[in-house]
Structure formats: structure tokens, C-alpha cells
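Taken together, the values in this text are just the output of simple stated rules run on the coordinates, not laboratory data. These figures come from a predicted structure and were not determined experimentally. As a convention, Cβ positions derive from the backbone with ideal geometry for all residues, glycine included, and neighbour counts pool all protein chains shown.
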Amino acid sequence: MTHQLPVLPFSANDLAPAISSLTIGYHYGKHHQAYLNNLNNLIVGTPFENASLESIIAKAPAGPLFNNAAQVFNHTFYFEQFKAASDVKQHPENELLRAIEKEFGNYEKFVEAFSGAAASVFGSGWAWLVLDQEGNLLITQESNAGCPLAKKQKPLLTCDVWEHAYYLDYQNRRPDYIKAFWNIINWKVIENRFSK
Ligand code: MN
């Protein structure tokens, strides 16, 4: 099985000014593509040659195969949750909103807690909103290629805080990138992940 780069649900300049077309060009066109090429090369001649991405993440030992498979999943998951800032629904609704309010008090407190988690990842990594196996909403941090699927958590939302995600647009100002991140979330995608 050859893994494929997903088609983005937006044009390269749709997310500006939160994320520039230059960053999309490198982050999707170079970094995501490189993880994908590495994955497709690494599975050749292994028991994972015909395995799904999710199965590789669940079963591969720590090392390059896991890292590249998880980064392919993480980046596909990250990019598919965005839409143009001019055409965005700013808040979650329905059952997802009720679950957020139950766990965090209200949407604003959730944003504050998630933003704090994203800002305080030390070095390269990811902040996540996940459902644990008991169905509780959790905000988590993962380093490097860490992926909630490897912990049997169901991911709902993620923020990539590797420097390649924001350095061209914000240099060292990771908190400014995280603040702008909220302006481009397609909450319909997050609600669909939650209700599936
Ligand atoms: Mn990235």
C-alpha cells in the first residue's frame, strides 16, 4: 500500500494571515511530503507494507517507521481541520460544546487551557484535544512524533508547535501563532470527529 498526501480542503493562501501560503508551501509541500516519502520507503519489505496508517502507528516499534507514520497522520489531521479565516465558524456547537463546557467550564476557559498546553510544549511537539477510553475530554501534550492513537485515545483537535509550523510567520513568537490558530479552525470538522 502506498500512502498518499491528502488534498488540502483550502487553497494555500486561504489561511493567511494566521498561516501564510509560504508556510503552507514548506509545511505541507516539503515537511508533510517528506514524512510521507520516508514512510513509503520504510515499509518496503516489512510486515507493514500493506498495513493501514493507523495499524502502523498502533504496532510499529519506536523508531523511524513509527515516527514517520505518526507524523503523516498528525499532519493530515492538522491540515484537514482548517478553513479560510473569512469563512469560519468561531465556536464549537451542539454536543461538542456541551462536552467542552462540562469539562472546562466554558469555551473561553478551554481555549485558555489548550493554548497554555500548546505554548508550554518543550521543544518540538503537539497539543491535542482527545477523548480517552472512558469518553472524557482531555488536553494533552506530545513530543516530537507523539500521537494519541498510540495511547488508544481518540484525537479531536491538534496544534503543531514544531518551529516549522510557525517560524516563517512568527519567528520565536509561538504564542502569537497559537492565538491566530483559533481563527481558522473549522469546528464542523471537529464536531464530526467528536460524534463519529
Ligand atoms: Mn509540522
Measure nothing fancy, just the Cα-based angle from helix 94-104's long axis to the longest principal axis of the chain, in degrees from 0 to 90, nearest 10. 80 degrees
Which ³J(HN,Hα) values in Hz, rounded to whole numbers, follow from the phi angles of the range 185-194 under the Karplus curve 6.51 cos²θ - 1.76 cosθ + 1.60, where θ = phi - 60° and Gly and Pro get x? 6, 8, 5, 4, 5, 5, 4, 5, 4, 5
Compactness summary of the range 86-195: radius of gyration and Dmax from Cα atoms, Å, are 13.6, 39
So, relative contact order of the chain in percent, Cα under 8 Å, 6 or more apart, is 26 percent
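What is the local net charge at ASN74, summed over the other residues whose Cβ is closer than 10 Å to its Cβ (Lys, Arg +1; Asp, Glu -1)? Write out the running numbers ahead of the final one.
Details: positive: none; negative: GLU142, ASP160.
Residues near ASN74 contribute -2 overall.
Sorting GLU191, GLU54 on the 10 Å Cβ count, fewest up front, what's the list?
GLU54, GLU191
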Suppose the Debye formula is applied to equal point scatterers at every Cα of the chain; what is log10 I(q)/I(0) at q = 0.11 Å⁻¹? -0.49
Using a Cα distance threshold of under 12 Å, what count of lysine pairs results for the chain when pairs must be 8 or more residues apart or interchain? 5
Given charges at Cβ of Lys, Arg, Asp, Glu: the chain dipole, positive-most of HIS75, LEU53, ASN172: LEU53
Convex hull around the C-alpha positions of the range 21-82: the volume in Å³ per residue is 76 Å³
Where the centroid of each part is defined by its Cα atoms, how far is the range 88-129 from the range 155-196 in Å? 10 Å
Quote the charge dipole size of the range 53-196 about the Cα centre in Debye, to the nearest 20; the model charges only the Cβ of Lys and Arg (+1) and of Asp and Glu (-1). 200 debye
